[in-house]
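**Q** Please see the structure below; I have some questions.
The values are calculated or read from the model by the stated rules, or taken from the named source; none is laboratory data. Please read all numbers here as calculations on a predicted model, not as lab measurements. Positions of Cβ are generated from backbone atoms using ideal geometry, with glycine treated the same way; all protein chains shown enter the neighbour counts. Keep in mind that these areas ignore ligands, DNA and RNA; they rest on the heavy atoms of the full protein, side chains included. Shrake-Rupley method; radii C 1.70, N 1.55, O 1.52, S 1.80 Å.
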Amino acid sequence: MRSSPIYLPWVKFVLAAFMFSTVLGHAETRLHTRHPHTGSVHHRSIRADVRTNQSDENGDVEESSSSSGAEPKFVQIYSNQHVKLTLDCGVNITFSTSIWLKDGQIVQTILKDNANNKRVTGHRFLVDNLGNLLIENVRLEDDGRWQCEAENPYGFVVTGKPIQLTVLDPPKKPYLLIDNRILDPGNLFIPVKENTDLTVSCVVDGGNPKPSLSWELTLGSLALLDAPEVPFQALNLTETVREQKVGARNDARLERVMRAHHNATLTCIVHHIALLQPLNVSLLLDVQYTPSFAISREPGFGFPIREGMPLSLKCDVDANPKAAPIWQKDDTDPPVQQTPDGFLNFTEIRREHSGWYKCISRHLLGRFSSIGYYLNVRNEIEMTQEPDLDVRELSSTGRQLEVSLGGAVQLSCPLGTTGCWTRVDSGTGRLEPLGASQELRLEHVLYQEAGEYRCVAPNRDTVRKLDSLRSAMSVDVNVIGRPVIIPGNKTLTAVYGQPLTLSMEFCANPPFNRVFWIVKNHIYFPGDSENGILAYNIANISTPNCHQAVLYMSKVSNDDVGEYTLIVRSPNGLSEGIFTVNMTYASGYNVPNPSSSSQKKIFASAHVVILIILMSKFLIIKE
């Protein structure tokens, strides 16, 4: 059967219509069928313009595009809530029907009756005869990507330019967290210890789009007075943005809190497009730092003190919380009454007032002591025989200075002299320079920092004068506190079948009164030996008040994997160190596998059974 020639004109007509609609549409064309919006079918004439930049009372509009070019350009619109908003369909074809999609889903709309200017009630999404979408009472749920699709009379769909609608929602007032605990907004004065780290989180609930957070650190007025001496690290603030499904969070971290941070203000600032002014929340840092001492004298250091003259000693203590100075002479009460502001006033100094003076302070973080000062009172005869410079004033104490473990001590060469601090190596006796400054401050003192410190004068003349009095120039720093184990926590990998040695150093002053190992619920005291494990006797090391504990295993097996704990106890407390032992095997070593052995036995048994069955069948056949 041959085709009728009457169909040929229809084929040509369809092809022509297809080519015409393709050329006419300026946006991408997809061949598919859409359900029209609810309401009457409407038409619109071809428009040559598409609004991409506009601003009205209901929202701001701007055109955006992707830098990579993978995404098509879209129109960005910002709108407040509870307003009326119009979204332009923006297709340049004559269409019969149009629909609107939000985030790829069809939105049910109705046709607005412009002819009679009737108000449609009960529906928020209206479409006019040009295909534009009118949203009544914009809500947060309207936030998203909107797009118009129009269908021409030939059934082809043309899409308009995407519209990103952002419905503005101002963020709520920010609040601060420390260790995931909300700070009281009425009391943002935060105590923090010196030389610790501090992390503060700023959290904002709500906000669309997401608000941006930033931090500012402002030092207090006292730190600003000493601005040239403020270390750079004091202003080093690390910010970390945390991902939040709702709202925003930003963490600020001070790796090391310094006394320069005392009374500093840490402020979190919230920026958002819906805010006329940024929001902020602040806290004030109350840095608890250990005392530092400044001893002064009237008349000044270096001036010879003659019996009968007036003299004043002054001790200033810088600490937070504040700590009162307490004068001592030769570790006892001073010979004159101390004033509340730290003065020792001698109206007529006498020979018996000579001796070692120091200033101590009892603080929240412990007991602290200043350097020592030797007050030498001379009579008229001595004034003519001794040099003008009292060399003993270069000494810090000439005796032993105690400082608590983790505490601080400040050593200073007296005013009017030149010198620098050194430390005496306990093994060689050599002097190790500690810097060119006349002041030496030891913070977070460790047991390893105990020992003898000397203030050394750099010029030869002074060295010659002081050489015979070198012992009076030294400070013996004695560190006391609870036991400390080094390392406190360590992981080792043992080789199967090989020996293993666990070694830990520990320091204790006052001396330890008990040391033992805990191994698999068994206790090994120094000198104990059992099951291939030997606990060596405690050995002294070069560091004062420090020792070494060693546990030896002759042959390591799988049963030895686990924790090994060293316990050290002294009158000042208890400390523990933990070794975690893992297992590895030497190359070429075959590890016994119980499961594989059992499998081989099963296979062997099965093989024997099969042989018995075959032999029985063979015998039956033969008979």
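**Q** Tell me the label-point distance for the pair Ile486, Gln548, using the 7 Å Cα-to-Cβ offset, in nm and rounded to one decimal.
**A** 1.3
**Q** Please give the net charge around Pro310, taking every other residue with its beta carbon less than 13 angstrom from that of Pro310, where Lys and Arg add +1 and Asp and Glu add -1.
**A** 0
**Q** Here's another thing I want to ask about it. Report the FRET efficiency, 1/(1 + (r/R0)^6), for Ser96 and Asn137, where r is their Cβ-Cβ distance and R0 is 35 Å, rounded to 0.05.
**A** Computed FRET efficiency for Ser96 and Asn137 comes out at 0.75.
**Q** Based on Cα positions only, what radius of gyration and what Dmax would you give for the stretch 137-194, in angstroms?
**A** 24.4, 78
**Q** Moving to a separate point now. Report Rg/Rh for the stretch 254-313, rounded to two decimals, where Rg is the Cα radius of gyration and Rh the Kirkwood radius. Intermediate values should be presented prior to the final figure.
**A** Details: Rg = 24.4 Å, Rh = 16.8 Å.
Over the Cα atoms of the stretch 254-313, Rg/Rh equals 1.45.
**Q** Which net charge results for the neighbourhood of Ile533, defined as the other residues with beta-carbon distances under 11 angstrom from its beta-carbon, given Lys and Arg at +1 and Asp and Glu at -1?
**A** Numbers: positive: Lys520, Lys555; negative: Asp528, Glu530, Asp560.
Net local charge, Ile533 excluded: -1.
**Q** Which FRET efficiency value, to the nearest 0.05, do you get for Gln498 and Ile518 by plugging their Cβ-Cβ distance into 1/(1 + (r/R0)^6) with R0 = 22 Å?
**A** For Gln498 and Ile518, the calculated efficiency is 0.45.
**Q** How large is ³J(HN,Hα) for each residue in the stretch 285-298, as worked out from phi by the Karplus curve 6.51 cos²θ - 1.76 cosθ + 1.60 (θ = phi - 60°), to whole Hz, x for Gly and Pro?
**A** Computed from phi, the couplings for the stretch 285-298 are 7, 9, 7, 8, 10, 6, x, 10, 10, 9, 9, 10, 9, 10 Hz.
**Q** How much length is gained if the chain between Leu235 and Gln164 is pulled fully straight, taking 0.36 nm per residue apart and subtracting their Cα-Cα distance, in nm to one decimal?
**A** Values: separation 71, 0.36 × 71 = 25.56 nm, distance 4.06 nm.
Answer, rounded to one decimal: 21.5 nm.
**Q** Accessible area of Ser296, 1.4 Å probe, to the nearest 10 Å²?
**A** Roll a 1.4 Å probe over it and Ser296 shows about 40 Å².
**Q** Here is a follow-up. In terms of modelled amide H atoms, which long-range or inter-chain residues lie less than 5 Å from the amide H of Gln498?
**A** Val556
**Q** Could you work out how far apart the two model spin labels at Leu275 and Asp197 are, taking each label as a point 7 Å from the Cα in the direction of the beta carbon, and quote it in nm?
**A** Result for the modelled spin labels: 2.8 nm.
**Q** Report the net charge of residues surrounding Tyr564, where surrounding means a beta-carbon distance below 12 angstrom and charges are Lys +1, Arg +1, Asp -1, Glu -1.
**A** Values: positive: Lys490, Lys520; negative: Asp560, Glu563, Glu576.
Net local charge, Tyr564 excluded: -1.
**Q** Based on the mean of other Cβ atoms within 10 Å per residue, sort peptides 180-192, 498-510 so the most packed one is first.
**A** Put in order of decreasing packing, that is 498-510, 180-192.
**Q** For a quick check: with amide H placed at 1.01 Å from N, whose amide H comes under 5 Å from Asn320's, ignoring anything fewer than 5 positions away on the same chain?
**A** Amide H neighbours of Asn320, under 5 Å, 5+ apart: Tyr289.
**Q** Simple spin-label model, 7 Å along Cα-to-Cβ: Asn80 to Ser282 in nm?
**A** My value for the distance between the label points is 3.0 nm.
**Q** For the stretch 139-295, what is the convex hull (Cα atoms) projected area averaged across all directions, in square nanometres?
**A** Reported value for the Cα convex hull: 13.9 nm².
**Q** Hey, another quick one. Please give the contour-minus-distance gain from Val561 to Met309: 0.36 nm per residue of separation, less the Cα-Cα distance, rounded to one decimal in nm.
**A** Net length gain for the segment: 83.2 nm.
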